[in-house]
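Here the structure is laid out as C-alpha cells; the discussion comes afterwards.
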Amino acid sequence: MTFAGGRYMAKKQYAVIGMGRFGSSVANALGEMGYDVLAIDSNEQRTQEVAEMVTHAVTADSTDEDALRALGIRNFDVVVVAIGEDIQASILTTLILKDMGVPVLIVKAKNELHGKVLQKIGADKVVYPERDMGLRVAHHLTSPNILDYIELSKDYSIFDMRAPKAMLGKNLKELDIRARYGCNVMGIRRGQEMNISPSPEERLAAGDVLIVVGHKDHLAKLEQAFAD
C-alpha cells in the first residue's frame, strides 16, 4: 500500500496472458517494480518458468471464460494479452475480457490487420513489439546517432539522438532545429542527468543525447542532415 492525499492507495494489479518472450518480459518488469502480477499461460512449462518473477503464475486456457472468471480477472486494473502466434486465441481472449468489463486492456498484435481487428473489438491499446523493435534496429543501423526510436502515432515519433560532431559547441538557438526541420527538442540527456525543456542558449557537448519529437518526415530530414 502507498499513502497519498491522506488515504491509503492500493497498488495497481496487473494480469499478463501469454508467457512468450514479450509477455514474460512485461510480467518480469512489472514484478521487479513491485506490482502484483498474475501470469497466465496455457503451457505449464512456461508458467513454471515465470513463477518466481511474479506474484502468481497459473496454467489456464484464456479462451475459457469460466476459467478467467474463476481467476477473478475482472478485478485486475490492467490486463495485457501477449498471445503470440495464435491470432484466433488472441482475438477470442480480447472479446471475452472486454465483455467481462476489464478496465484497461492492452493487446499485442502480430501485424496491422490483426491490430485493426483488436481495435474494433475494444482493445484500449494495441502494441506491436516485433515491428517496433524492427524500426529501432533499422534506424540504428542506418544512422548510428539514433539510439532509440519510438512511434507515438501513425505520423509522429520520438527518438534519442546522440549529438553529432556538427552540433558540438553550438547552442539550440544557433542550430534552430524547430525552424529548419520542424522538430522539437524536448530534452537533453547528459550522463545521468536529464534537462527537460532546455534553454535556447544550451550548448551541446560530446556525449549529449537529444530527445526529439516530430512528424516522421521531419525527423527523417533531421536524421539525414546530421548523418555522419
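Only the coordinates and a few stated rules stand behind these numbers; no lab work does. This structure is a prediction, so every number in the text was calculated from the model and none was measured. Note that each Cβ is placed from the backbone with ideal geometry, even for glycine, and that neighbours are counted across all protein chains shown.
The table below gives the values:
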quantity	calculated
Within the chain, helix-based [θ] at 222 nm, where runs of 4 or more DSSP H residues each add -39,500 (n - 2.57), nearest 500	-10000 deg cm²/dmol
Label-to-label distance, nm, for residues given as S153 and I196 (7 Å Cα→Cβ offset)	2.1
Amide hydrogen neighbours beyond the local backbone of I83, cut-off 5 Å, H modeled	K108
For the chain, the spread of Cα positions along each principal axis, largest first, Å	63, 46, 30
D124/N43 FRET efficiency (R0 30 Å; Cβ-Cβ; nearest 0.05)	0.70
Residue order, fewest to most beta carbons within 10 Å, for V102, V213	V213, V102
Cα-centred dipole magnitude for segment 65-137, charges only on beta-carbon of K, R (+1) and D, E (-1), debye, nearest 20	200
Overall dimensions of segment 94-210 as given by Cα atoms, namely Rg and Dmax in Å	18.8, 57
Share antiparallel - DSSP beta bridges, the chain, percent rounded to 5	55
Shape of segment 13-83, Cα gyration tensor, a/c cut at 1.5	oblate
In order through segment 106-120: 3J(HN,Hα) via Karplus (6.51 cos²θ - 1.76 cosθ + 1.60), integer Hz, x for Gly, Pro	10, 10, 7, 10, 7, 8, 4, 5, 4, x, 5, 5, 4, 5, 5
Cβ charges +1 (Lys, Arg) and -1 (Asp, Glu), total dipole of the chain, debye	800
Residue among E130, E193, E65 with the largest mean-square fluctuation in a Gaussian network model of the chain, springs linking Cα atoms under 10 Å	E193
Whole-Hz ³J(HN,Hα) from phi, Karplus 6.51 cos²θ - 1.76 cosθ + 1.60, for segment 208-215, glycine and proline x	5, 10, 8, 9, 10, 10, x, 5
Under 25 Å from K116, Cα to Cα: lysines that are on another chain or at least 8 residues apart	K98, K108, K125, K154, K216
Rounded to whole Hz, the Karplus (6.51, -1.76, 1.60) HN-Hα couplings of segment 59-64, x for glycine and proline	8, 7, 8, 6, 8, 9
Under the Debye formula (equal points on every Cα, no solvent term), log10 I(q)/I(0) of segment 57-123 at q = 0.12, 0.13, 0.17, 0.20 Å⁻¹	-0.26, -0.31, -0.53, -0.74
Other-chain or far-sequence residues with amide H under 5 Å of V104's (modelled H)	V79
Volume per residue of the C-alpha convex hull in segment 1-119, rounded to whole Å³	109
